[in-house]
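Undergrad: A single structure is presented below for examination.
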């Protein structure tokens, strides 16, 4: 064999080794890239689920906030009605002379007071969702000889469910 052929064979072997090394490197790089791509796909799928969950949670929070706002407005309106009713009761009590009524006819006053209290009691029961017929407490039961349970119904104001026990003192 000649020197040039021997040299060509060595160069071919070296080139084959270099090419095999390069092919092995590219194969490793390809496998590593595929593993990273698979991991990134899994992470992307998890992120998409997390984003969907976050968006639905945000939507739910917005809906709940809208409901809270509506309920808050309703509570404000109810508070204003209650304050107006309290003002009405204070004005009514200022106009009445309960001491004089109690001295003149205590049984009649007790009946009227129990009737008004019974009406308020029923209102509480209705407002709390217990609108079924519930008996009045014993202390509100009408006593014989006292005013009627609903003794203040003739003095109700036309625009209110509340009672205004404006009655003239008994003569």
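Undergrad: For a paramagnetic label modelled at 7 Å from the Cα of residue 81 toward its Cβ, which residues of region 99-128 fall within the zone defined by backbone nitrogen distances under 18 Å?
TA: Hits in region 99-128 for residue 81 at 18 Å: 119-128.
Undergrad: Specify whether the C-alpha gyration tensor of region 27-104 places it in the rounded, prolate or oblate class, a ≥ b ≥ c being the square roots of the eigenvalues: rounded for a/c under 1.5, otherwise prolate if a/b is larger than b/c and oblate if not.
TA: Here region 27-104 falls in the prolate category.
Undergrad: Return 105, 87 ranked ascending by Cβ neighbour count within 10 Å, so the fewest neighbours appear first.
TA: Taking fewest neighbouring Cβ atoms as first place, the list is 87, 105.
Bear in mind that the values in this text are calculations on the coordinates, not laboratory data. A quick note: this is a predicted structure, and the numbers were derived from the prediction, not measured. In this analysis, Cβ positions are derived from the backbone assuming ideal geometry, glycine residues included, and neighbour counts consider all displayed protein chains.
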